[in-house]
């Protein structure tokens, strides 16, 4: 199976891609335990869900 070459992104799509990566990076920096889910619609990130886990110490 051969890998298809990627087409270059137009400037608008490249800006969206860069902004999306920056938002994901910021979410990762602020997260100690949990998960991050991305919602993509028509090749664009439209939503970033961050779920943070807080672990409680047993009594």
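The values are calculated or read from the model by the stated rules, or taken from the named source; none is laboratory data. Keep in mind the model is a prediction, meaning the values are calculated, not measured. Cβ coordinates were reconstructed from backbone atoms using ideal geometry, including for glycine residues, and neighbour counts include every protein chain displayed.
In region 7-18, the residue that is modelled with the lowest pLDDT out of those that are more than 12 Å from the chain's Cα centre (by Cα) and exposed (fewer than 12 other Cβ atoms within 10 Å of the Cβ) is 7.
Identify all residues within region 38-57 that are more than 17 Å from residue 16 (Cα to Cα) and in a loop (DSSP other than H, G, I, E, B); write none if there are none. Result: 53, 54, 55, 56, 57. Scanning region 19-51 for residues that are under 25 Å from residue 8 (Cα atoms), in contact with a strand residue (DSSP E or B) (Cβ under 8 Å, 6 or more places away or on another chain) and surrounded by 10 or more Cβ atoms within 10 Å (Cβ to Cβ) returns 20, 23, 24, 38, 39, 40, 45, 46, 48.
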